[in-house]
Amino acid sequence: MTENNPAGIRLEKEVVIVNELGLHARSAAQVAKMAQKARGAIFIRMKDRQVDAKSMLDIMSLAAGKGSVLLICAKDPRDEALLNSIVALVEQGFGED
């Protein structure tokens, strides 16, 4: 851990919720299912809140609607591909029309 990175976060990517329904139950479940494959901790930050991306309920507690800006964070650098996959899922609106 460093002074500039007190949580020890190795990778971070910002993403905006683009789908009309926001981060609802099904989309939160998709993210959590992907995050559970991570070797290390995966977090989602929104404003001043940080939640465990492996927990659907934690993700839903963010109440992230369309236009919300999220920061997806991974502690283990080996999870970079997974982090990119989660970001892509969000950018593609969770496959919703």
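Computed from the coordinates by the stated procedures, all read-outs in this text should not be read as laboratory data. Please read all numbers here as calculations on a predicted model, not as lab measurements. Here the Cβ is made from the backbone with ideal geometry for all residues, glycine too, and neighbour counts use every protein chain on show.
Details
- Two-site label geometry, residue 57 and residue 25: point separation in nm, points 7 Å out along Cα→Cβ: 1.4 nm
- For residue 66, the lysines whose Cα falls under 25 Å of its own Cα, not counting residues fewer than eight places away in the same chain, are 13, 33, 47, 54.
- Cα shape, the range 29-97, gyration tensor, a/c 1.5 rule: oblate
- The fewest-to-most ranking of 79, 48, 58 by surrounding Cβ atoms within 10 Å reads 48, 58, 79.
- With the simple spin-label model, which puts each label point 7 Å out from Cα in the Cβ direction, the residue 18 to residue 85 separation comes to 2.0 nm.
- Backbone geometry of the range 50-56 corresponds, through the Karplus equation with coefficients 6.51, -1.76 and 1.60 at θ = phi - 60°, to 3J(HN,Hα) couplings of 10, 10, 6, 6, 7, 10, 4 Hz, x marking Gly and Pro.
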